[in-house]
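The values are calculated or read from the model by the stated rules, or taken from the named source; none is laboratory data. Owing to the predicted nature of the structure, the values given are computational and were not obtained by experimental measurement. Because the Cβ atoms are built from the backbone with ideal geometry, glycine has one as well, and the counts that use them run over all protein chains shown.
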Amino acid sequence: MKRVVVGLSGGVDSSVTAYLLKEQGYEVIGLFMKNWHDDSVTISDECPWLEDSNDAMIVAEKLGIPFQTVDLSEQYKERIVDYMFDEYEKGRTPNPDVLCNREIKFDVFMDIALSLGADYVATGHYCRKEEEVIDGKPVYKLLAGKDGNKDQSYFLCQLSQEQLAKALFPVGELTKPEVRAIAKEADLITAEKKDSQGLCFIGKVRLPDFLQQKLQPKEGVIVQIPTSFEAYNTSLPNFESKEEELMHLATKYVYTKDDGKVVGKHQGAHYFTKGQRKGLAVGGTKEPLFVIETDVNENVIYTGEGKQHAGLYRNVLFVSNEELHWVREDLALSEGETMEVAARIRYRQPLEKATLHKVANGLFVEFENAQSAIQEGQFVAWYLNDELLGSGVIS
């Protein structure tokens, strides 16, 4: 019997994961990750992790599997929370869920599981894994989940071959309604439990509230940029090379306060992210204002009217070599090579046609259609059919 450690989060997906593995004859151990108890950054008066760990324990009892809680709050603070504050302060928008999978669940947590003699670590992610022998060695493929509405392969876009080799995703072949039906049938307490909306494994937290506790408010101005802004309306120069053209198209617009009019005030540019509409509290425009750029050094937010505003759209982005990751190392591009793929720049976004261009210092992703609110710090992930091949942090 192979031993599997399941990250039991107290939700329905991980509960059903443990149930299915037990049915398949694995020896299953349930571990609950406690990732937070820093009272200096209170999250809410309620204590969701207690409720979640309690649910996880009840599920483990019901399934007759060993259960314990592991405290990973120190590593979580170091690798996820501090990094998040640091990125927001620089005016970038990190993705804590992608990082949590790479740094916590499939690294720190996986090490604990392996020290317990586990052959595999299983999570309740909606994605699939396949194995193929290529040139005499096993290659692991990360595939989209069967449920198109719930596919979570994007959140695992930073996993390595070593991590995938030891990972199992039993609910990836199922739809969410099927998972709930199995939980109900098995009489699991989590069958009807709502999906958590919080930060990865911290529980119920609203990001702006969380950030405000560490990043001090600082009043600044909101500037509205008109569609007549010169850079939107200049024709493209002639380029010496494709790389020069890509570099030009990947470069974001630079604004100054004089390029538009001051329409309001804000409490800190680092609380805002490109494409954001809520929280600006500026009226008097026909269409709502959207954030098109933030300048954290000058503490200015630049906005444009309407979601078709030219300042929101670009069709090329860049990933530096340091931030470039191939799940399929065997398919990694060499300098000068290109690849036709489908890509997304955020979870839940439909896949869009794109071309990868490998250059000396990184990788350009050129989309067929202009993308709204390409945000530095977020992850771009690219696919062939339903296989995720690689990803990178947008520079």
For residues that are assigned to a helix (DSSP H, G or I) and among the hydrophobic types (A, V, I, L, M, F, W, C), scanning just the range 49-67, find the one that is farthest from GLY11 (Cα to Cα). LEU63
Can you list residue pairs whose Cβ atoms sit under 7 Å apart, with the first residue in the range 59-76 being in the same structural domain as PHE32 (by TED's automatic domain parsing) and the second being in a helix (DSSP H, G or I) and among the β-branched types (Val, Ile, Thr)? Count only pairs 6 or more apart in sequence or on different chains. VAL70/ILE112; LEU72/ILE104; LEU72/VAL108; GLN75/ILE104; GLN75/VAL108; TYR76/ILE104
Quick one: how many residues across the range 4-37 are touching a residue at least 12 places away in the same chain (Cβ under 8 Å), in a helix (DSSP H, G or I) and under 13 Å from LEU188 (Cβ atoms)? 10
In this structure, is ASP52 charged (D, E, K, R), under 24 Å from the mean Cα position of the chain (by Cα) and either more than 20 Å from LEU211 (Cβ to Cβ) or at pLDDT 95 or above (or both)? yes
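Yes or no, residue by residue, for (1) hydrophobic (A, V, I, L, M, F, W, C); (2) touching an Asp or Glu at 6+ places or on another chain (Cβ under 8 Å):
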{"position": "GLN267", "(1), (2)": "no, yes"}
{"position": "GLY275", "(1), (2)": "no, no"}
{"position": "LYS278", "(1), (2)": "no, no"}
{"position": "ALA281", "(1), (2)": "yes, no"}
{"position": "LEU289", "(1), (2)": "yes, yes"}
{"position": "VAL296", "(1), (2)": "yes, yes"}
{"position": "VAL300", "(1), (2)": "yes, no"}
Condition test on GLU340, is it in a helix (DSSP H, G or I) and either within 30 Å of VAL133 (Cα to Cα) or under 15 Å from the mean Cα position of the chain (by Cα) (or both)? no
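Condition first: part of a helix (DSSP H, G or I) and either over 33 Å from the mean Cα position of the chain (by Cα) or surrounded by 16 or more Cβ atoms within 10 Å (Cβ to Cβ) (or both). Now tell me which residues in the range 235-269 satisfy that.
GLU245, LEU246, LEU249, ALA250, ASP258, ASP259, ALA269
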Across the range 343-379, what is the total count of residues that are in a loop (DSSP other than H, G, I, E, B), touching an Asp or Glu at 6+ places or on another chain (Cβ under 8 Å) and small (Gly, Ala, Ser)? 2
For LEU188, the lone unmet condition from (1) in contact with a helix residue (DSSP H, G or I) (Cβ under 9 Å, 6 or more places away or on another chain); (2) loosely packed, with under 15 Cβ neighbours inside 10 Å is (2)
Within the range 188-208, the residues that are of a type outside the set (Gly, Ala, Ser) and at pLDDT 70 or above are LEU188, ILE189, THR190, GLU192, LYS193, LYS194, ASP195
Within the range 180-199, the residues that are in a loop (DSSP other than H, G, I, E, B) and out of contact with any Pro (no Cβ under 9 Å at 6 or more places or on another chain) are ALA186, ASP187, LEU188, ILE189, THR190, ALA191, GLU192, LYS193, LYS194, ASP195, GLN197
Search result, residues across the range 368-386 that are surrounded by 21 or more Cβ atoms within 10 Å (Cβ to Cβ) and over 15 Å from the mean Cα position of the chain (by Cα): GLN371, TYR383
Pick out the one residue from PRO177, PRO217, PRO237, PRO226 that is farther than 30 Å from LYS105 by Cβ, modelled with pLDDT of 95 or more and out of contact with any Pro (no Cβ under 7 Å at 6 or more places or on another chain). PRO226
Are there strands (runs of 3 or more DSSP E) fully within the range 85-158 with at least 1 residues that are in contact with a Gly (Cβ under 6 Å, 6 or more places away or on another chain) and either buried (at least 19 other Cβ atoms within 10 Å of the Cβ) or not assigned by TED's automatic domain parsing to the domain that holds GLU178 (or both)? List them. 127-134
Would you confirm whether or not the range 327-338 contains a residue that is closer than 19 Å to LYS274 by Cβ and polar (S, T, N, Q)? no
Could you please find all residues in the range 288-337 being acidic (Asp, Glu), over 18 Å from THR355 (Cα atoms) and either part of a strand (DSSP E or B) or touching a Lys or Arg at 6+ places or on another chain (Cβ under 7 Å) (or both)? GLU293, ASP295, GLU305
Working carefully through the options GLU322, GLU293, GLU298, GLU329, find the one that is farther than 25 Å from TYR88 by Cβ and of a type in the set (D, E, K, R). GLU329
